[in-house]
Amino acid sequence: MMSSENCLIPKGPTRIKIIGLNSGQPTEFDGKWLAEYDPARQGFDSEGRPMIAHIKITDDPMKALMFDDPRDALKLWQKSDGIRPDGKPNRPLTAFHVEFTTKK
């Protein structure tokens, strides 16, 4: 009998595709692949405006971050830098709806 956990783990390198903000507001990151992420580093959007985290995206899935273990992709998406004023972990990337995929 197969465990339900095994059914959820994709085969092959896992990438993170940003679908869009959870709020539904459009961004330049929508539909792009995550190439770099560091919540502890100052980021800037393509117009030079400051962001609370460093996020670099790509149109090319082959240039996206790749994870042998999809659980590592999930850990990166949840990676935090400190605590927000409301007492919750500061996890900037979780503001986005993402897809963990093995598709190119």
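Derivation of every value follows stated rules applied to the coordinates shown; laboratory data play no part. Please read all numbers here as calculations on a predicted model, not as lab measurements. As a convention, Cβ positions derive from the backbone with ideal geometry for all residues, glycine included, and neighbour counts pool all protein chains shown.
Using alpha-carbon pairs under 8 Å, 6+ residues apart, how would you state the relative contact order of the chain in percent?
Averaging sequence separation for qualifying contacts and normalising by length gives 34 percent for the chain.
I want to check a number: in the chain, how many lysine pairs have alpha carbons closer than 14 Å, given a sequence separation of 8 or more or different chains?
Lysine pairs meeting both conditions in the chain amount to 14.
Can you tell me how the range 12-101 classifies by the Cα gyration tensor, rounded, prolate or oblate, using a/c under 1.5 as the rounded cut?
Oblate, because a/c is 1.5 or more while a/b does not exceed b/c.
When the chain is fully extended, how far beyond the present Cα-Cα distance does Thr58 get from Thr102, taking 0.36 nm per residue of separation?
14.3 nm
Rounded, prolate or oblate: which one fits the range 12-55, using the alpha carbon gyration tensor with axes a ≥ b ≥ c (rounded when a/c is under 1.5, else prolate when a/b beats b/c, else oblate)? Mind dumping the intermediate values first?
Numbers: a/c = 2.05, a/b = 1.22, b/c = 1.68.
Oblate shape, in that a/c is at least 1.5 and b/c is the bigger or equal ratio.
Between Thr94 and Ala40, what is the label-point separation in nm under the 7 Å Cα-to-beta-carbon projection?
Going by the 7 Å Cα→Cβ label model, 1.9 nm.
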